[in-house]
Amino acid sequence: MCVRVRLRARPHTERPKGERLLHILQNDQNMALRQAGKRSNFDDDCGVWDSSKGKTTALPYMKTSIGEYKRLFVKNGLYGYEHIEKGCRMFDPVTPQPDPEQLFLLGRYYTSQKGNPSYRKWVTWVDQKRSDIAVVAVCEYIGASQVSQPLGNTNHSV
């Protein structure tokens, strides 16, 4: 079942809180950072994230002739689909090979909160600017956040 929802992207500066949250953020600034070869910045006030254990992926997708999006795999420089046959992964190249304009990369970032691995953050975005896809990032927060103790002398009154 497919549910179509019209959502309004929040400004990047608004901060989420809660136990199971899904937020859509404007991603223009991060697109510019990535095009300049820099890292994305999906800041929030949920504490410190363990970036050393985080993972970022960028996977190619293509819109098929029937309008659905399918993940592509690359093998020997060819795009294709994978399927399992008798317990083995099989690769079927796409013929004809897709034009780069038909493809887009779906970026994903996964991490957990330092000191609280049960609180996770997943961010998903389309990694190219295309006229038919909004420049947004979807941020998911799962679990209960733990607010860490302030650092340094901030425990003491002034």
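Where a number appears in this text, it was derived from the coordinates with a stated rule and is not lab data. Being a predicted model, the structure only gives us computed values, none of them experimental. Note: ideal-geometry Cβ built from the backbone for every residue, glycine included; neighbour counts use all protein chains shown.
A few notes on this one:
- Counting only Cβ charges, +1 for Lys and Arg and -1 for Asp and Glu, the dipole size of segment 20-146 around its Cα centre is about 400 debye.
- In terms of the mean number of neighbouring beta-carbon atoms within 10 Å, the peptides 23-36, 88-101 order highest first as 23-36, 88-101.
- When each of K53/K86; K38/K121; K75/K114; K86/K114 is checked by Cα-Cα distance, pairs over 32 Å: K53/K86; K75/K114; K86/K114
- Packing-based ranking, highest mean first, of 111-121, 45-55 given that Cβ atoms within 10 Å are counted: 111-121, 45-55
- Contour excess over end-to-end distance, with Cα ends at I142 and T64 and 0.36 nm allotted per residue: 24.9 nm
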